[in-house]
1. Whole-Hz ³J(HN,Hα) for each residue in region 194-206, computed from phi via Karplus 6.51 cos²θ - 1.76 cosθ + 1.60 with θ = phi - 60°, x for glycine and proline: what do you get?
2. Calculate one ³J(HN,Hα) per residue across region 55-71 by plugging θ = phi - 60° into the Karplus curve 6.51 cos²θ - 1.76 cosθ + 1.60, and present them in order as whole Hz with x for glycine and proline.
3. How large are Rg and Dmax for region 206-263 when only the alpha carbon atoms are used, in Å?
4. Quick one: 3J(HN,Hα) in Hz for region 74-81, Karplus 6.51/-1.76/1.60 with θ = phi - 60°, rounded, Gly and Pro as x.
5. Amide H neighbours of CYS103 under 5 Å, at least 5 residues apart or on other chains, H built in the peptide plane: list them.
6. Between region 270-327 and region 110-180, how far is it from one alpha carbon centroid to the other, in angstrom?
7. Share of antiparallel DSSP beta bridges in the chain, in percent to the nearest 5?
8. Given the peptides 103-112, 210-219, arrange them by the average over their residues of other C-beta atoms within 10 Å, most packed first.
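Nothing in this text is a laboratory measurement; each read-out follows from the coordinates by a stated rule. If you're wondering where the values come from, they're calculated on a predicted model, not measured in any experiment. Note that we place each Cβ from the backbone using ideal geometry, even for glycine, and neighbour counts take in every protein chain shown.
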Amino acid sequence: MAAKENNLNIVALCDLIPASMADKIAKCGLPADIKQYTDYKQMLEEEDLDLVAIATESGKHAAIALDCIEKGINVIIEKPIALSLEDADAIIAAAEKKGVKVCACHQNRFNKSIQKIREALEQGRFGRLFHGAAHIRWNRGRSYYEQASWRGTWEQDGGALMNQCIHNIDLLRWMMGDEITEVFAYTDRLNHDYIEAEDLGIALIKFKNGAYGIIEGTTNVYPANLEETLYLFGEKGTVKAGGQSVNIIEEWIFADQADNPEVVKAEYGENPPNIYGFGHKPLYADMIEAIRNKRKPYVDAEAGRRAIELVLAIYKSAAEGKSVVFPLDKCATVDFFGRFSKHYYGHAMR
């Protein structure tokens, strides 16, 4: 829908399941005779494409992206951009070599609330940052995982942190200065014994600028999604973003009193119909502009890598029972096969 809203010429769809394409054609009002493929490599060979959006299961993102890049095609990759740091690095290197643009689809960066918070941060209104916190308190039940067999697997997905929580994890790292010293974490699978990965993750982060971060992510909240919140605490400012997808400013307090908190809350709050929010349209618009003006997209592949690096560091810390020092060079979700099996001891880590 975001592609159509930005007036892109949508020339083809590709899905292993034809019925899924038919559903998208109907929902998006696309021409009934639009080209449809079940083999993306055939599509890349036969179509003259400027941009491909990759929204498959996570474990296939990297391979498809690399094939597109090899053809000189720009890509928007749904989160996460890959499930290993090696694959993320390969995407970054290939895009640089071919001169194409790669956008990581972390659309919540474009929320009106998040853009307003980022503006205050870049203006220095917080002063020194002390700590930030990301809470993702959601629910996912058996029916969600039964919709697609790849969900909750180490090879194709990861758990709550890599799938449901990575948007807010991305925001926390971005807001807190990006550079991390170390992470200590716990993860567990408390309520979903039919998946391989975690349904709870709790992490402490030490940033290079001296600030700290807290992550709490879960899909165990009864009986439905409760909240997704982002807090920033500085010497001169306190902000809380909440709502379905951090799309509402709930607290806005600054020592400079440069604006009216109630006006800010009213002007920069949104009420999206679902957790996906309204960020996809501006993300696509930015990518179009980046391609035309030969600049990096606002959320580039390096940003996508930083998000998965933090999640993988949390997995690694929890598995090994000790803090993980940054940077993290090699790590993948598949390193954690059997993580919640009684036979797992963590010694198989790379």
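1. Once θ is set to phi - 60°, the couplings for region 194-206 become 9, 10, 8, 9, 7, 10, 8, x, 10, 9, 10, 10, 10 Hz.
2. 9, 8, 4, 4, x, 9, 4, 5, 4, 5, 4, 5, 5, 5, 4, 4, 7
3. 14.2, 41
4. These are the phi-based 3J(HN,Hα) values: 5, 9, 10, 10, 4, 5, x, 5 Hz.
5. Hits under the 5 Å cutoff: VAL75, ILE76, ILE77.
6. About 8 Å separates the Cα centre of region 270-327 from the one of region 110-180.
7. 70
8. 103-112, 210-219
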